[in-house]
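Just below is one structure, and these are the notes that go with it.
The values are calculated or read from the model by the stated rules, or taken from the named source; none is laboratory data. Worth saying up front: this structure is predicted, and the values here are computed from it rather than measured. We place every Cβ from the backbone using ideal geometry, glycine too, and count neighbours over all the protein chains shown. The area values use the complete protein model at the heavy-atom level, side chains included, leaving out ligands, DNA and RNA. Shrake-Rupley method; radii C 1.70, N 1.55, O 1.52, S 1.80 Å.
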Amino acid sequence: MTIVVGYTATPSARAALAHAIDVARRDSHSLVVVTGSRERGQRDGRRLDEEQSAELDRLLAESGVEAARVAPETEDEPAEQVLEAAREHDADLIVIGVRRRSPVGKFLLGSAAQRILLEADCPVVAVKAPR
């Protein structure tokens, strides 16, 4: 069985990764970590820098679970990148991080989490970062 988790350099994504690792370890599932962002080749605070990428590699190596990283080369929205990885890897579960946003923020910027929740072909777990 496979778990797909979307990962960026944010507290909510770190919480999602921790939850996904716990579930994968407990249930002997493999893990696919999607590390995409919105705009390739442009400055994006969600894109992993070298230090964050090395930290992710360390966390995955120490997790004790079979894990693969996927860094989409497309400029698709993050939701599409996670959904595509879930389809390609025949995911049994998707884990995403969520954060609080105002209704206006959701209206103007959309909601990747909402799209994943509504369009995924498998169960989705939404994880909030601790305050």
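Considering only the other residues whose Cβ falls under 12 Å of the Cβ of Glu55, what net charge follows from Lys and Arg at +1 and Asp and Glu at -1?
-3
Compute the signed sum of charges (Lys and Arg +1, Asp and Glu -1) over the other residues within less than 12 Å, Cβ to Cβ, of Met1.
Here the charged neighbours net out to -3.
Solvent-accessible area of Leu60, probe 1.4 Å, all protein chains present, reported in Å² to the nearest ten, please.
It works out to around 20 Å².
Quote to one decimal, in nm, the extra length available between Glu66 and Lys128 on full extension: 0.36 nm per residue of separation minus the C-alpha distance between them.
Extra length from Glu66 to Lys128 when fully extended: 19.9 nm.
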